[in-house]
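Undergrad: Structure in structure tokens, see below.
The values are calculated or read from the model by the stated rules, or taken from the named source; none is laboratory data. Computed from a prediction, not measured in an experiment: that's the story for all the values here. We place every Cβ from the backbone using ideal geometry, glycine too, and count neighbours over all the protein chains shown.
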Amino acid sequence: MKNIKNKLELVRREGICKLLIKTYEEDEEELKNKIEQVSGSYPRDLKVLYKLNKGQLISIVKKSNISQEKIDETFDQYRYGLKPEEEIKENEIIEYSFTYLKRYPYIDEEECPNAIYELEECFVWVSTTNNFIAIKNSPNKIVQILQQIFGEIYETELNNIKLNNKLVEEIFGNDRRKATAINIAPDNKKAEKNE
């Protein structure tokens, strides 16, 4: 059982929910009963499954007769919260979209360790014709993993470039940049747009 908990801790909540729904597709009432055992209230439908925290979902899995093979498949598909979702080709640029869960551990009111998760998205843009890879909206740990993966795929070393104002000005110039700000004066209820 500990191996199951350890594996499922690394799986996105969405993956655990899909595992449970597929397992109980022939007997939704049984799944609703297990949700009630864990949450304390009987659900009207299975959408409530997606509102449970990961600890509650893992408790339901432990109470269920799910094979180690199915758990391993779920782990392989949804582990670490990093799963490519789409590929869009546009003007020789390929965009990969990834979602992952950011974990916030805390101690609940009963002094038990628990965690909440926030779904985060990041993007990777690849252009082999222009020789660049851009990684957007990712924490450093994810950037390092993606750099390693794409570096191996394209057999190259990837370097970080942080765009600051001076570099942007040097590349694009002042005349090609446009900034917009909205000013709201404390004594005036109207907003003014400055360009």
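Undergrad: Tell me whether region 98-120 contains one or more residues that are part of a helix (DSSP H, G or I), out of contact with any Ser or Thr (no Cβ under 7 Å at 6 or more places or on another chain) and at pLDDT below 80.
TA: Looking through region 98-120, none of the residues is part of a helix (DSSP H, G or I), out of contact with any Ser or Thr (no Cβ under 7 Å at 6 or more places or on another chain) and at pLDDT below 80.
Undergrad: If we scan region 24-38, do we find a residue that is at pLDDT 90 or above and either polar (S, T, N, Q) or within 27 Å of residue 138 (Cβ to Cβ) (or both)?
TA: yes
Undergrad: Out of all the residues in region 29-64, which are free of Cβ contacts under 8 Å to residues at least 12 places away in the same chain and not in a helix (DSSP H, G or I)?
TA: If the condition is that a residue be free of Cβ contacts under 8 Å to residues at least 12 places away in the same chain and not in a helix (DSSP H, G or I), then 40, 41, 42, 43, 44, 45 are the ones that fit.
Undergrad: Looking only at region 131-149, decide whether some residue is charged (D, E, K, R) and either under 24 Å from residue 13 (Cβ atoms) or at pLDDT 75 or above (or both).
TA: Initial filter on region 131-149 (charged (D, E, K, R)): 136, 141.
Next, only the ones that are either under 24 Å from residue 13 (Cβ atoms) or at pLDDT 75 or above (or both) stay: 136, 141.
Taking every residue of region 131-149 in turn, at least one turns out to be charged (D, E, K, R) and either under 24 Å from residue 13 (Cβ atoms) or at pLDDT 75 or above (or both).
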